[in-house]
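The values are calculated or read from the model by the stated rules, or taken from the named source; none is laboratory data. Computed from a prediction, not measured in an experiment: that's the story for all the values here. Because the Cβ atoms are built from the backbone with ideal geometry, glycine has one as well, and the counts that use them run over all protein chains shown.
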Amino acid sequence: MMSRKYFVAIGLSLILAGSLSGKEKDQVVFPVAAIPETMKKDAYAVCREYRHEFELTDYSKAVEKVYMAITILEENGDQFGKLLLPYDKTKKIKSISGKIYNEAGLPEEKLKNAGIQDVNYTSAGTIYDDLRLKLADFKTTTYPYTVEYEYEIEHNGLINYPDWQPIEAYRISVEKSSFRVSFPEALEIRIREINVPPSCQTRKNENGKRIHEWKLDSVAAWKEEPMSPELYTQTSRVIIAPTSFTYDGSSGKMTSWKEFGDWVAGLNQGRDQLPPQRQAEIRELTGEIKDTTLAVNTLYQYMQKRTRYVGIQLGLGGYQPFPAEMVDRLGYGDCKALSSYMKALLNCVGIPSVYVLAGAGSNQGIIMTDFPTISQNNHAILCVPLRNDTIWLECTSQTQPAGYLGTFVQGRKVLLITPQGGKIATTPLLKSDQNIQLRIADVQINPDGAMQTTVKTRYSGYQYDNVSSLLEQSQEDQKKELLDDIGIPGLVINSFGYEVKKEKIPEATEQLAMNSTKYATKTGTRLFIPMNMLNQRRSVPAKVENRKMPVVQQYAYYDKDSITFVLPKGYQAETIPRSKVISSEYGTYNSAITVQDGRAVYVREVKVNPGTWPKENYQALVDFYSGIVSNDKAKLVLKEQQP
């Protein structure tokens, strides 16, 4: 689904310059020495100036002008010196120009034809689109340097407006940034400010237009912080959005989620139908199935076997699914088309379902429940409401169980497209007792430190995702990945296998038989045996000084490892690690070791709580994980008994 965040601009003709004139060569504009040290701290690049103007003439037409100058301080900042401008038939590039400056602030070269590429815009999986992309880049390896770009865009069809986020990425600071929006007094637009200082906005009416302008200066770079929310939720941002819109020949309203849902429902109207012969096949397939849930599962698996995901962007097709008949014939579609196709399959047997727009991945879904924008959704799924339950279907996966959304779309507000318009709902979020990893192992320790073991591990809920990708690989690749993940020196995997239950909360059971010649360390008459064989936490969230962001743990889970070690004869326990209990608001940790009758039993339990905490709590979270890392290193020390 097209997202405003990624498809910001652009169109057609270029105004490109050649060499610099003598006068230009002597003009100092952006000397690096003029950048304050506060702007260089934690920065790979510094935005010297950014000006963005958006002039709306009616609900479907606008002109957008952007000027930017960015100093790249080091190689890690090269990404900020590139200009990427997607465009389609609703956007036309009126002009684009650029220039590069050296460290002293003297211009060296203007943007040339060779510095710009015009290519198909092909996101992952896309094989058919009408989007193209202008790529501008000055090739240089001399740092620091400054790039300057200016371009103008003409919009003919608008469903979303540009927003303003002075800090859009980590490691770039901003000296000057401004955003100007103008529109006729007869038009109505919506404006939402987030984390914006009140003093940075000015408003005025001039020549029959309303003009809003925002300015921010001297905004320091943000540095990545572990376990933090998305950057855009923390920095200053201005979002402007339409009340009414016209895009690619289709018009709608967006003052409420209900209205926006009405528009989407209109786009989808009549597209969830299949040819009579396919309908007959589906009815025959499910004819003997009396249980509705089983029928949904059967048709979901049918859809998975017959289709594959292919990203598709075609103007209005960025929001409108292909007809189900076309998906049925071609065998592929994007998230919208596959969800609509699944809806059509259910239609054949009279099972009602609801098309759903959702945020997926880094898109957190509908955060602003009172401020509809198209960018708050970037994905489509399907909802099947039953009498006593609701089944959510991720239709782009060929392997996922019916009813399981994984971490991609879980626990966020989504938009149901109902006959009554858009309605907000929330996708399910699994709890810790549903996201389980349970492991039982029996280990034989030899006097020379070698070991042989059998291990049985059950993964469920989100922890199923730890092995789900492995299940689709060849045995050879599975074995290689297992060896890499386990990481025991000298490890040999003798056999392994998986048993999978594709249920609403999926489950996979892994069975391993392994041996290693180097598991325990022998030093003189002593053996040092690591207790946590397969689930040792080795890292702690990095230390952060002057943290800016809240602390976020997204998912709850529960781990339990029970390992029985058969100790070598002639050895006796000399040092037994103490039991450890760590309790905090972030979770709990318990470990215990008992030695009796030539056996050592190690039991480790970890429960992690989801939540968001103030930035001041970060050190306490680091301490929690430090305690786990420390105790996971526990070793049982055996001493050989002398005859």
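When the residues of the stretch 192-238 are narrowed to those that are assigned to a loop (DSSP other than H, G, I, E, B) and among the aliphatic types (A, V, I, L, M), which ends up nearest to the chain's Cα centre (by Cα)? Top of the filtered list is MET227.
Check off (1) surrounded by fewer than 21 Cβ atoms within 10 Å (Cβ to Cβ); (2) over 27 Å from SER218 (Cβ atoms) for LEU56 and give me the number that stays unchecked. Every listed condition holds for LEU56 apart from (1). Among residues of the stretch 552-567 that are touching a residue at least 60 places away in the same chain (Cβ under 8 Å), those with a beta-carbon under 8 Å from a residue that is surrounded by fewer than 16 Cβ atoms within 10 Å (Cβ to Cβ) and of a type in the set (Lys, Arg) at least six positions away or on a different chain give the pairs ALA556/LYS431; THR564/ARG599; PHE565/ARG599; VAL566/ARG599; LEU567/ARG599.
Could you look through the stretch 301-327, keep only residues that are within 16 Å of LEU285 (Cα to Cα) and surrounded by 18 or more Cβ atoms within 10 Å (Cβ to Cβ), and pick out the one that is farthest from the chain's Cα centre (by Cα)? Explain how you work it out, then say what you get.
Within the stretch 301-327, the first condition is being within 16 Å of LEU285 (Cα to Cα), and the residues that meet it are 301-306.
Right, trim to surrounded by 18 or more Cβ atoms within 10 Å (Cβ to Cβ) and you get 303-304.
Details: MET303: 25, GLN304: 23 Å.
That would be MET303.
On the basis of being in a strand (DSSP E or B) and either within 25 Å of GLN304 (Cα to Cα) or modelled with pLDDT under 95 (or both), does ILE424 make the cut?
Numbers: in a strand (DSSP E or B): yes; either within 25 Å of GLN304 (Cα to Cα) or modelled with pLDDT under 95 (or both): no.
Taking the combined requirement at face value, the residue does not satisfy it.
Could you tell me whether GLU168 is of a type in the set (Asp, Glu) and not in a strand (DSSP E or B)? Yes, satisfied. Restricting attention to the stretch 345-362, does a residue exist that is under 30 Å from ASN160 (Cβ atoms), surrounded by fewer than 16 Cβ atoms within 10 Å (Cβ to Cβ) and at pLDDT below 95? Within the stretch 345-362, one or more residues are under 30 Å from ASN160 (Cβ atoms), surrounded by fewer than 16 Cβ atoms within 10 Å (Cβ to Cβ) and at pLDDT below 95. Counting only strands (runs of 3 or more DSSP E) wholly contained in the stretch 507-611, the ones carrying 1 or more residues that are farther than 30 Å from THR233 by Cβ and of a type in the set (Gly, Ala, Ser) occupy 507-516, 557-566, 571-575, 587-596, 599-608.
Results for (1) more than 26 Å from GLN463 (Cα to Cα); (2) at pLDDT 95 or above; (3) not in a loop (DSSP other than H, G, I, E, B), shown as yes or no for each residue.
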{"residue": "GLN364", "(1), (2), (3)": "no, no, no"}
{"residue": "ASP370", "(1), (2), (3)": "yes, yes, no"}
{"residue": "ILE391", "(1), (2), (3)": "no, yes, yes"}
{"residue": "LEU416", "(1), (2), (3)": "yes, yes, yes"}
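Answer with yes or no whether ILE417 is among the aliphatic types (A, V, I, L, M) and touching a strand residue (DSSP E or B) at 6+ places or on another chain (Cβ under 6 Å). Yes; evaluated as a whole, the condition is true for this residue.
Would you mind finding the one in GLU481, GLU499, GLU394, GLU476 that is assigned by TED's automatic domain parsing to the domain that holds VAL327 and without any contact (Cβ under 8 Å) to a residue 24 or more places away in the chain? Before the answer, list the steps.
Values: GLU481 fails: assigned by TED's automatic domain parsing to the domain that holds VAL327; GLU499 fails: assigned by TED's automatic domain parsing to the domain that holds VAL327; GLU476 fails: assigned by TED's automatic domain parsing to the domain that holds VAL327.
When all the criteria are applied, what remains is GLU394.
When restricted to residues that are in contact with an Asp or Glu (Cβ under 8 Å, 6 or more places away or on another chain) and assigned to a helix (DSSP H, G or I), the stretch 470-488 contains 1. Out of ILE167, ILE211, one residue alone is modelled with pLDDT of 95 or more, touching a helix residue (DSSP H, G or I) at 6+ places or on another chain (Cβ under 8 Å), surrounded by 15 or more Cβ atoms within 10 Å (Cβ to Cβ) and among the hydrophobic types (A, V, I, L, M, F, W, C). It is ILE167. Elements of the type strands (runs of 3 or more DSSP E) sitting completely within the stretch 51-164 and holding at least 2 residues that are under 28 Å from ILE35 (Cβ atoms) and at pLDDT 95 or above: these cover 61-72, 91-101, 145-156.
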